1. Answer with yes or no whether D:Leu31 is without any contact (Cβ under 8 Å) to a residue 40 or more places away in the chain, surrounded by fewer than 24 Cβ atoms within 10 Å (Cβ to Cβ) and out of contact with any strand residue (DSSP E or B) (no Cβ under 7 Å at 6 or more places or on another chain).
2. I want to confirm something. Restricting to the stretch D:125-156 and keeping residues that are over 22 Å from D:Ala56 (Cα atoms), crowded, with 24+ Cβ neighbours inside 10 Å and among the small types (Gly, Ala, Ser), which single residue is farthest from the other protein chains (Cβ to nearest Cβ)?
3. Could you tell me which residue of the stretch D:59-93 is modelled with the lowest pLDDT, considering only residues that are farther than 28 Å from B:Asp67 by Cβ and surrounded by fewer than 24 Cβ atoms within 10 Å (Cβ to Cβ)?
4. Could you identify the single residue in B:Pro33, B:Pro37 that is over 26 Å from C:His25 (Cβ atoms), facing chain C (nearest Cβ under 7 Å) and not in a helix (DSSP H, G or I)?
5. Consider the stretch C:17-46. How many of its residues are in contact with a strand residue (DSSP E or B) (Cβ under 9 Å, 6 or more places away or on another chain) and surrounded by fewer than 24 Cβ atoms within 10 Å (Cβ to Cβ)?
6. For D:Leu243, indicate whether it is closer than 21 Å to D:Leu334 by Cα, outside any loop (DSSP other than H, G, I, E, B) and in contact with a His (Cβ under 6 Å, 6 or more places away or on another chain).
7. Please go through the stretch C:35-83 and give me each residue that is within 24 Å of B:Leu61 (Cα to Cα), among the polar types (S, T, N, Q) and more than 7 Å from every other protein chain (Cβ to nearest Cβ), ordered by number.
Amino acid sequence: MTLMEYLFDGLLGITLIWLAARAVFAQSLFGAILSFIGLGMLMALAWVRLSAPDVALAEAALGGGVTGALLLAAYNRLHHPTSNQMNQQDGH
Amino acid sequence: MVIERYRPFTVMVAVVVVTVSTLLLVWAIGSLPPESPGLSAQVSANLINSGVQAEVTAVLLNFRGYDTLLEVSVLLTALLGVWYLGPFHITSDTPVRGLVMDNMVRFLTPVMILVTGYVLWLGSHAAGGAFQAGALLAGAGVLVQVVRPEWLALRDSRTFRGLLIAGPAVFVLVAAGMMLLSGSMLEYPREHAGSLILLIEAASTLSIAAILTMLFTGGRPHPGAGN
Amino acid sequence: MSQYLWYALVGTGLFSIGLLGLILHRHLLRRMLALNVMSTGVFMIFVALANRNSALPDPVPLAMVLTGLVVSVSATALGLVLIEKVQRQHGTPVLPEDDA
Amino acid sequence: MNAMASLVLLPLLGAFIAFLIPRYGRHIGILSALLILFATLSLAQQISTDGPLRMAVGGWQAPLGIALYVDGLTALLLCLTTTVGLGVSLYALGYFGEGATGEARKKHALSGWWPLWLLLWAALNALFLAADVFNLYVTLELLGLAAVGLVALEAQAVVAATRYLLVGLLGSMLYLLGVGLLYALYGTVDMSGLASNMRAEPAAWVAMALMSGGLLLKAALFPLHFWLPPAHANAPAPVSAVLSALVVKAAFYALLRLWLGPFEPLAPALAGQLIGFLGACAIIWGSLQALMAPRLKLVVAYSTVAQIGYLFLWFPLADSPTGGAIAWYGVVWLALSHGLAKAGLFLAAGNILHASGHDRVTDLAGVGQHLPVTLFAVGLSCASIMGLPPSGGFVGKWLLLNAAFVSGQWWWAVVLLVGGVMAAAYSFRVLLHAFRNKESQHPHHIPHPIMEWSALALAVGAILLGVLSAQPLELLEVGASMGKLALSEAP
């Protein structure tokens with residue numbers, strides 16, 4: 001491995017840890033969620049570095065993408081509790 | 001960072017637990033042998049009989065296909081949990097609109113559908129496959145749901161429920177069919193392995209995408225016609 | 001330090017940060033985030049350890065991680081909707097007995 | 001072979017169809033239950049003549065593929081699952097059927113029961129059959145999510161369901177990390193492969209700690225039991241029955257398999273004593289809480305915490321050359337009879353709640369007048385839980401007591417006796433209130449007869465397990481002695 005690669009892995013790892021710490025302990029919940037999405041995106045990079053392109057693709061789509069969207073949607077619902085309840089009728 | 005007020009006892013417990021577990025893990029990982037081939041050799045040796053050329057896909061859908069069968073059922077179970085918790089709620093009063101968003105959706109959706117097909121096909125010989133393709137398609141679904149929900153017009157109908165269970169159901173039916181044919185669950189006849197895997201993957205992609213989009217909306221949709 | 005070891009340690013770090021958050025936080029959405037960070041760490045350890053041979057990584061742990069990713073998204077989705085219901089019933093996204 | 005696969009595939013398929021066509025949910029549910037019964041019986045028959053069975057799924061031998069394994073222990077637990085499952089399915093016909101009360105009346109809860117319950121059933125069967133630690137992880141997740149979905153069918157139980165989910169996720173995450181370490185060490189996740197490679201080394205110790213910790217959390221061993229009482233007490237009655245009778249036991253079974261198989265060379269005597277001590281604490285603490293609980297379902301839930309404790313008394317006794325075998329039969333008998341008795345008790349409690357609209361222990365007067373069958377079910381279940389002869393619970397406790405004396409660890413016998421007395425105390429507290437007559441006042445609803453009789457049938461099963469123990473004992477003998485893994489096909 002070249003020096004560049006060492007540097008890259010080192011920096012990536014430290015950034016991942018930093019984003020994880022923010023995703024868990026950031027002051028604002030919204031910031032925490034954004035950090036988590038960022039973590040998912042950078043994780044994809046880490047998977048590529050670990051020669052796991054399958055996981056990279058899935059992580060980018062699932063970990064960052066879908067989970068991020070789910071978290072943001074949940075955040076929205078928690079913070080705008082008045083505008084839900086479109087219809088209470090029960091279906092089958 | 002940090003700052004909710006924690007009870008000192010909780011903090012103490014947390015610090016002790018986390019320190020001990022971290023040290024144990026580092027100890028364990030440090031003690032692992034630095035070389036381990038794992039099952040690479042076995043996977044490559046049997047790849048020729050698996051019906052696909054990509055190793056990860058071969059493991060997921062053939063060698064350890066039973067895990068994957070249960071796993072798509074896990075996804076469906078999560079959906080059912082949400083489904084029976086109550087009806088669908090609109091997240092904001094109006095969809096996100098605007099010229100930029102609108103054009104983006106018009107452009108991106110077909111592109112994402114194309115890419116989904118490509119990734120699914122890619123799975124047979126390179127990085128890709130049903131999960132990645134399904135997640136991508138779900139991304140398109142979420143985007144449309146946010147900007148132009150009327151395109152999807154999610155309704156609780158027999159057809160929609162059929163779409164949700166298609167992946168797991170095809171998987172189970174193939175497993176049961178193989179059991180009746182060859183006497184062993186999920187043992188594909190070698191010449192048909194590739195097409196059976198593709199069938200399972202295609203159905204799973206659609207179901208995964210539908211389920212993930214549904215999960216994003218956070219509840220059961222309203223009943224529509226045809227139910 | 002070899003590459004796999006470094007990433008395995010980063011994975012351990014993610015796991016520990018998540019665990020710390022899970023124990024400390026009362027807000028359910030934050031707990032869910034912490035659990036997700038933990039699972040990301042677990043997956044990272046899996047993939048890092050699959051990289052211990054000079055050639056391509058062992059595909060079996062990679063397949064396991066893909067399985068785990070889907071399971072974790074499923075559980076997260078169910079959890080998030082449950083949290084929303086808790087908030088609607090109790091006015092706060094915190095488990096009642098934990099509220100101290 | 002086909003019977004094994006059917007036990008997983010049938011309920012899965014049933015669940016999908018029940019979701020697709022909710023109108024026929026109950027028909028599909030009962031049909032699936034009957035087919036599962038048939039598959040279970042033929043599997044039990046098969047292994048009692050041919051010995052333990054191992055199946056390579058997809059024709060791929062371990063370590064590349066996944067193996068399923070059935071021996072006597074597996075078969076007995078599958079039989080327990082099928083019996084309880086059939087009883088609960090019949091009960092659900094009434095509970096979620098016409099004239100259902102409370103939350104169950106809501107249509108979505110009605111139609112949600114069948115698909116989720118069949119998924120849970122598939123997960124239980126798959127878990128008992130698993131001989132692969134990663135496959136076990138997937139079944140644990142399926143089990144956990146289906147259980148959470150079922151608990152949440154009762155709107156009041158949302159908080160309990162959320163806590164249940166978080167605890168379950170933490171448990172499976174710890175377990176998964178352990179699996180990762182084991183694979184990194186030995187390049188296999190097959191239990192027999194692991195068992196033959198296992199050596200005492202750091203990563204193996206840590207993996208054992210992580211996996212055991214995760215499973216102990218799911219098995220709700222004191223002090224990790226905090227999540228259980230609210231979830232089991234607030235869920236709909238048939239769900240409570242399944243959770244207490246089967247789901248908790250599934251985690252215990254997984255632990256047993258791991259400690260008897262892969263981790264056998266590692267298990268230190270000290271850990272056995274520690275787990276036994278926690279079991280003893282669970283018995284005392286759970287019984288004490290049951291004695292003070294204001295609601296019947298909470299009494300029953302805390303009783304589960306205590307009864308789980310008994311199962312863990314096996315760990316310190318297992319190593320004893322003389323007492324080990326006796327303790328083994330004792331713990332299996334306790335697990336089986338508790339499964340039947342607790343299912344019956346929770347279903348009966350559901351009837352009482354259904355009839356009077358509440359289940360406050362001090363206001364149970366009149367139950368004997370209006371629900372004699374249900375009260376009889378409560379009585380029989382309690383008899384087994386207390387360990388009165390000739391119930392299955394008595395046989396189990398008697399064997400454990402013997403094992404404690406024979407192995408010279410008399411202190412566990414003290415715990416057993418104290419636990420029995422306390423169980424009698426909380427049982428009689430309930431029964432005394434329930435037997436009191438009340439003037440006039442009719443109950444709100446008389447439960448459908450099938451709800452009363454299915455509860456009674458399960459309770460009778462718990463008693464019969466003590467009387468007719470020959471056949472199940474014979475079945476338990478199939479395979480290597482005391483559930484040790486004869487997992488590999490003659491290497």
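The values are calculated or read from the model by the stated rules, or taken from the named source; none is laboratory data. The model shown is predicted, which means the values in this text are computed figures rather than measured ones. Note that each Cβ is placed from the backbone with ideal geometry, even for glycine, and that neighbours are counted across all protein chains shown.
1. The answer is yes for D:Leu31.
2. Restricting to residues being over 22 Å from D:Ala56 (Cα atoms), crowded, with 24+ Cβ neighbours inside 10 Å and among the small types (Gly, Ala, Ser), the top hit is D:Ala147.
3. Residue satisfying both the conditions and the ranking: D:Leu93.
4. Of the residues listed, the single one that is over 26 Å from C:His25 (Cβ atoms), facing chain C (nearest Cβ under 7 Å) and not in a helix (DSSP H, G or I) is B:Pro37.
5. Going through the stretch C:17-46 one residue at a time, the tally reaches 2.
6. yes
7. Across the stretch C:35-83, the qualifying residue is only C:Ser72.
To keep it simple, each residue is scored yes or no on (1) outside any helix (DSSP H, G or I); (2) within 11 Å of another protein chain (Cβ to nearest Cβ); (3) at pLDDT 85 or above.
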site: B:Glu150; (1), (2), (3): no, no, no
site: B:Phe160; (1), (2), (3): no, yes, yes
site: B:Gly167; (1), (2), (3): no, yes, yes
site: B:Val170; (1), (2), (3): no, yes, yes
site: B:Ala176; (1), (2), (3): no, yes, yes
site: B:Met185; (1), (2), (3): yes, yes, yes
site: B:His192; (1), (2), (3): no, no, yes
site: B:Ile197; (1), (2), (3): no, no, yes
site: B:Leu206; (1), (2), (3): no, no, yes
